[in-house]
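The values are calculated or read from the model by the stated rules, or taken from the named source; none is laboratory data. Only a predicted model underlies this, so the values are computations on that prediction, with no experimental measurement involved. Using ideal geometry, Cβ is built from the backbone for each residue, glycine included, and neighbour counts are taken over all protein chains shown. Each accessible area value is taken on the protein alone, full model and side chains, heavy atoms only, with ligands, DNA and RNA left out. Shrake-Rupley method; radii C 1.70, N 1.55, O 1.52, S 1.80 Å.
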Amino acid sequence: MSRIMVTGGAGYVGSFIVRALLRTGHEPIVYDSLEEGHRSAVLDAQLVRGDLADRNGTYRCLRRYGIDSVIHMAAYCLVGESERAPLKYFQNNVSNGLNLLAAMLEAGVRVMVFSSSAAVYGEPSSVPIDEGTTPYPTNVYGETKLYYERILEKCRRAYGLRYVSLRYFNAAGADREGDMGEDHRQETHLIPLVLRAALNQKAILRVFGTDYPTPDGTCIRDYVHVEDLADAHILALEALQGGLRSTVYNLGNGTGYSVMEVINTARSITGKDIPWIRSERRPGDPAVLVASCERIKKDLGWRVRFPRLEEIIRTAWAWHSTHPNGYADR
Ligand code: UFG
């Protein structure tokens, strides 16, 4: 058994990782400020309310619980907001992340799985995107993730840190039974907004751009189920603990779906109309983002359990239709 600090473990992806850690016999300690996360998403895991801005508090938590590895999820993650408030993003995603690294090294903790993003790639020159593609972020959020990856690499060379950076494509879906799911205070993601429009016919969805060079004119994305993401974190963690060399992996489904395909699939699953209107392109949205995930499949034996968009949206609907106000209505 190992004791893992999960920063941001009360958030959407973090809470699924915590559950996967509990199920695989690890002991997660959730370190979360609850600024965005939800206490009830943490399940039976130990929750320490804390902030990475507080370096000493972070160090004390690492020591107190005898942590041996860290899964670092805590970050701001809204692309649009990152452009409007860059300092907020550099402060939290980079500067507070430096506090975590300093506290870890002082406490003798040298293993980290880091939640990175496909946003590091920016506008890709070809798809599918593999890890050999040169990163060139087109927004501040992606830059913060790339900077942190580079900091990890420097810490590997200088201090013997061992890490895996996982670059997620579009995290989506929920628990099959509808007990856990996506609940952001400020929702900007496509699938939750589509399902909200199904639940409340007055909430009209805006489709950002219908003139992209794709078969139906709308953007294509790679939606990967949150439980598949969680599995990958466990594999990466255990491989690092077993001696895996530091590296970077993409996490996606390998299949792209357009915004219209998401809307039409949601229509058939919910049996509801999804009212939508055409809107301007959203600045910085690439036409197509699809991952190649051969590296993690080959190295760690990762398997996608939810390859079909229909299954992903079905689980999301199980959550949203039973929790229209998210965790608040428990
Ligand atoms: N979209 C709409 N209307 C909406 C919301 C989204 O048409 O109201 C479209 C977007 O233009 C995009 C697609 O739906 O084409 C998916 O948008 P999301 O906002 O759900 O996700 P993104 O692809 O923008 O962002 C995701 C993650 C980011 C990450 C990025 C990587 O949420 O954290 O992938 O590029 F940075």
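Just one of the numbered conditions (1) farther than 21 Å from GLN186 by Cβ; (2) touching a residue at least 60 places away in the same chain (Cβ under 8 Å); (3) not acidic (Asp, Glu) is not true of ILE29; which one?
If we test ILE29 against (1) farther than 21 Å from GLN186 by Cβ; (2) touching a residue at least 60 places away in the same chain (Cβ under 8 Å); (3) not acidic (Asp, Glu), just (2) comes out false.
Between a residue in the stretch 208-226 that is farther than 24 Å from SER117 by Cα and any residue that is open to solvent by less than 60 Å² (accessible area, probe 1.4 Å) and near the ligand (Cβ under 8 Å from one of its atoms), which pairs come within a Cβ distance under 6 Å, given they are 6 or more apart or on different chains?
THR210/THR218
Residues are listed down the side, and each one gets a yes or a no for (1) open to solvent by 60 Å² or more (accessible area, probe 1.4 Å); (2) within 16 Å of the ligand (Cβ to nearest atom); (3) at pLDDT below 95:
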site: ALA85; (1), (2), (3): no, yes, no
site: ALA102; (1), (2), (3): no, no, no
site: VAL113; (1), (2), (3): no, no, no
site: SER117; (1), (2), (3): no, yes, no
site: ILE129; (1), (2), (3): no, yes, no
site: TYR148; (1), (2), (3): no, yes, no
site: ARG157; (1), (2), (3): yes, no, no
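In the stretch 60-78, which residues are open to solvent by less than 30 Å² (accessible area, probe 1.4 Å) and more than 17 Å from VAL30 (Cβ to Cβ)?
LEU78 - this is the single residue of the stretch 60-78 that is open to solvent by less than 30 Å² (accessible area, probe 1.4 Å) and more than 17 Å from VAL30 (Cβ to Cβ).
Which numbered condition in (1) away from the ligand (no atom under 11 Å from the Cβ); (2) under 19 Å from the mean Cα position of the chain (by Cα) is the only one that GLY122 fails?
Failed condition: (1).
The rows are residues; the columns are (1) within 24 Å of PRO137 (Cα to Cα); (2) buried (at least 19 other Cβ atoms within 10 Å of the Cβ); (3) basic (Lys, Arg); (4) within 20 Å of the chain's Cα centre (by Cα).
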site: SER2; (1), (2), (3), (4): no, no, no, no
site: PHE16; (1), (2), (3), (4): no, yes, no, yes
site: LEU22; (1), (2), (3), (4): no, no, no, yes
site: TYR31; (1), (2), (3), (4): no, yes, no, yes
site: ASP51; (1), (2), (3), (4): no, no, no, yes
site: THR58; (1), (2), (3), (4): no, yes, no, no
site: GLY80; (1), (2), (3), (4): yes, no, no, yes
site: TYR89; (1), (2), (3), (4): yes, yes, no, yes
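Would you tally the residues in the stretch 196-205 being outside any loop (DSSP other than H, G, I, E, B) and either open to solvent by less than 20 Å² (accessible area, probe 1.4 Å) or β-branched (Val, Ile, Thr) (or both)? Spell out how you get there, then give the answer.
To start, the set of residues in the stretch 196-205 that are outside any loop (DSSP other than H, G, I, E, B) comprises 196-199, 205.
Applying the additional criterion that residues be either open to solvent by less than 20 Å² (accessible area, probe 1.4 Å) or β-branched (Val, Ile, Thr) (or both) yields 197-198, 205.
Matching residues across the stretch 196-205 total 3.
Acidic (Asp, Glu) and outside any helix (DSSP H, G or I) - does that describe any residue in the stretch 222-238?
Of all residues in the stretch 222-238, those acidic (Asp, Glu) come to 222, 227-228, 231, 238.
Pick out the ones that are also outside any helix (DSSP H, G or I) and you get 222.
Yes, that holds for at least one residue.
Quick check: is even one residue across the stretch 146-162 in contact with a strand residue (DSSP E or B) (Cβ under 6 Å, 6 or more places away or on another chain) and under 23 Å from ALA316 (Cβ atoms)? Explain how you work it out, then say what you get.
We begin by selecting, within the stretch 146-162, every residue in contact with a strand residue (DSSP E or B) (Cβ under 6 Å, 6 or more places away or on another chain); these are 149, 152, 162.
Among the residues that remain, those that are also under 23 Å from ALA316 (Cβ atoms) are: none.
So far as the stretch 146-162 goes, no, none of its residues is in contact with a strand residue (DSSP E or B) (Cβ under 6 Å, 6 or more places away or on another chain) and under 23 Å from ALA316 (Cβ atoms).
Looking only at the stretch 201-224, which residues are more than 14 Å from the ligand (Cβ to nearest atom) and under 18 Å from ILE269 (Cβ atoms)?
Once the filter is applied, which keeps residues that are more than 14 Å from the ligand (Cβ to nearest atom) and under 18 Å from ILE269 (Cβ atoms), the stretch 201-224 yields only GLN201.
For residues in the stretch 159-176 being among the charged types (D, E, K, R) and over 16 Å from the mean Cα position of the chain (by Cα), which is nearest to the ligand (Cβ to nearest atom)?
Going through the stretch 159-176, the residues among the charged types (D, E, K, R) turn out to be 162, 167, 175-176.
Subsequent filtering for residues that are over 16 Å from the mean Cα position of the chain (by Cα) retains 162, 176.
On the way: ARG162: 25, ARG176: 21 Å.
In this case the residue turns out to be ARG176.
Can you pull out every residue in the stretch 52-82 that is in a loop (DSSP other than H, G, I, E, B) and within 16 Å of the ligand (Cβ to nearest atom)?
Result: MET73, ALA74, ALA75, TYR76, CYS77, LEU78.
Among (1) hydrophobic (A, V, I, L, M, F, W, C); (2) open to solvent by less than 40 Å² (accessible area, probe 1.4 Å); (3) within 10 Å of the ligand (Cβ to nearest atom); (4) without any contact (Cβ under 8 Å) to a residue 60 or more places away in the chain, there is one condition LEU193 misses while meeting the rest; what is its number?
Failed condition: (2).
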